[in-house]
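Presented below is the structure to which this report refers.
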Amino acid sequence: MARERSPALWLHTQPSVTRKIPACHRMLLLLWLLHFSSVYSDITDGNAEHLKREHSLIKPYQGVGTSPSSQWDFWGSTLVTSQYVRLTPDERSKQGSIWNTVPCYLKDWEMHVQFKVHGSGKKNLHGDGFAIWYTKERLHPGTVFGSSGNFHGLAIFIDTYPNDEAPDRSFPYISAMVSNGSLPYDHGKDGRSTELGGCSVEVRNKDHDTYLAVRYSKGRLTIMVDVDDRNDWRECIDIGGVRLPTGYYFGSSAATGDLSDNHDIISMKMYQLMVEHTPEEDNQDWTKIEPSVSLLKSPKDNIDDPTGNFRSSPLTGWKVFLLLLCALLGIVVCAVVGAVVFQKRQERNKRFY
């Protein structure tokens, strides 16, 4: 999925082939194109007409400050320049954040974050990372990448230092968490007990632009990255059953400890996704929704589970298909074995008469 390229434009730029194929194939091609257009009609992916400027942080960063008309406010070590917003410098024990002052009432949205993490630290000698927030609280300093760990809403962590030092994952590591205020983020274990999913992505000291996209639509949370200078997105997390209210705030924060890095936000672009909802969904008060995720298991019941099975996403179509296929194969195997056993018993009984 190419960044900043509209699906409608992709369709219009394809070469015409309808004159070279039969009419029946033409009809099939038309139906496929209509299906493709309907599937991707809710994806803005950089479409400027759906850009929500009141929730976007774009150079030259107008509307950033402490005045009543400001749309973005910042705290701590944050430094706003003409080219980037530096949440922390490459110095020890720094914390900084920047927060949108306008609550977001969009039901379906997509946030594109251009960022840069860089510093003089070598392998495993840098930290700690930064976070992207969509929360009820704003400008609440804390120990979780410069913000409070007891939050209501969504957090995406770009963690660059392994506190737990477990061998099953490499850092930098991106993870996501949804909380209603009752699930604190465990920084000492890199948030393993509460994460919804994650992926390892090398984001430090890149010579090219690095991006992260967060999409929330119809209860599905998708997080993608573009850090290889290929102008396309790679999926990191995709999970359904996510419930997020409207009226929360977007922000970003970062922190350093004994180790440090420059954590720069170059832009945060918010896009509205044009998605139809049922009348029941439209009539619901979305500001009263409690942040939650429908998982196979509850994170509260699996905090001490070393396997982390609760972090699996809900059953998707392919998973259901594979489970049904395995069940069907199991039934077939049992039927064959039963038939063989029954036949042998019949032959044995015949020898006794």
- Selected residue [closer than 12 Å to residue 157 by Cα, more than 13 Å from the chain's Cα centre (by Cα) and either of a type in the set (Ser, Thr, Tyr) or assigned to a strand (DSSP E or B) (or both)] from 182, 253, 175: 253
- Cross-chain or 6+ apart pairs with Cβ under 8 Å, region 120-142 first and more than 15 Å from residue 93 (Cα to Cα), then acidic (Asp, Glu) and open to solvent by less than 60 Å² (accessible area, probe 1.4 Å): 120/90; 138/73; 139/73
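How many residues are assigned to a loop (DSSP other than H, G, I, E, B) and not aromatic (Phe, Trp, Tyr) when one looks only at region 185-206?
Residues of region 185-206 that are assigned to a loop (DSSP other than H, G, I, E, B), as a first pass: 185-186, 190-196, 201-203, 205-206.
Right, trim to not aromatic (Phe, Trp, Tyr) and you get 186, 190-196, 201-203, 205-206.
Qualifying residue count, region 185-206: 13.
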- Query: Of (1) open to solvent by less than 30 Å² (accessible area, probe 1.4 Å); (2) farther than 26 Å from residue 224 by Cβ, residue 85 satisfies all except one. Which?
  - Reply: (2)
- Failed criterion for residue 64 (all others in (1) of a type in the set (Val, Ile, Thr); (2) in contact with a Ser or Thr (Cβ under 7 Å, 6 or more places away or on another chain); (3) buried (at least 22 other Cβ atoms within 10 Å of the Cβ) hold): (3)
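Out of all the residues in region 42-60, is one or more open to solvent by 30 Å² or more (accessible area, probe 1.4 Å), of a type outside the set (Val, Ile, Thr) and modelled with pLDDT under 50?
At the first step, the residues of region 42-60 found to be open to solvent by 30 Å² or more (accessible area, probe 1.4 Å) are 42, 47-54, 58-60.
Keeping just the survivors that are of a type outside the set (Val, Ile, Thr) gives 42, 47-54, 59-60.
Restricting the remaining residues to those that are modelled with pLDDT under 50 gives 42.
The answer is yes; a qualifying residue exists.
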- For region 46-101, how many residues are touching a residue at least 12 places away in the same chain (Cβ under 8 Å), of a type in the set (Asp, Glu) and farther than 15 Å from residue 249 by Cβ? 2
- Which ones in region 239-258 are within 19 Å of residue 142 (Cβ to Cβ) and surrounded by fewer than 24 Cβ atoms within 10 Å (Cβ to Cβ)? 248, 249, 257, 258
- Message: Among the numbered criteria (1) modelled with pLDDT of 95 or more; (2) assigned to a loop (DSSP other than H, G, I, E, B); (3) farther than 30 Å from residue 276 by Cα; (4) among the hydrophobic types (A, V, I, L, M, F, W, C), which one does residue 106 miss?
- Response: (3)
- Could you grab me the full set of residues in region 155-184 that are within 23 Å of residue 210 (Cβ to Cβ) and either small (Gly, Ala, Ser) or free of Cβ contacts under 8 Å to residues at least 12 places away in the same chain (or both)? 155, 170, 175, 176
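Quick one: count up the residues across region 199-235 that are free of Cβ contacts under 8 Å to residues at least 60 places away in the same chain and open to solvent by less than 60 Å² (accessible area, probe 1.4 Å).
Of all residues in region 199-235, those free of Cβ contacts under 8 Å to residues at least 60 places away in the same chain come to 199-202, 207-208, 219-220, 222, 225, 227-230, 234-235.
Keeping just the survivors that are open to solvent by less than 60 Å² (accessible area, probe 1.4 Å) gives 199-201, 208, 219, 222, 225, 227.
Within region 199-235, residues that are free of Cβ contacts under 8 Å to residues at least 60 places away in the same chain and open to solvent by less than 60 Å² (accessible area, probe 1.4 Å) number 8.
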- Message: I'm told residue 336 meets every condition in (1) at pLDDT below 80; (2) more than 27 Å from residue 99 (Cβ to Cβ); (3) surrounded by 10 or more Cβ atoms within 10 Å (Cβ to Cβ) except one. Can you identify the failing condition by its number?
- Response: (1)
- Search result, residues across region 139-161 that are over 18 Å from residue 260 (Cβ atoms) and in a strand (DSSP E or B): 152, 153, 154, 155, 156
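The values are calculated or read from the model by the stated rules, or taken from the named source; none is laboratory data. All of these numbers come straight from a predicted model, not from anything done at the bench. Cβ atoms come from the backbone with ideal geometry, glycine included; neighbour counts cover every protein chain shown. Just so you know, the surface numbers come from the protein's heavy atoms only, side chains and all, with ligands and any DNA or RNA stripped out. Shrake-Rupley method; radii C 1.70, N 1.55, O 1.52, S 1.80 Å.
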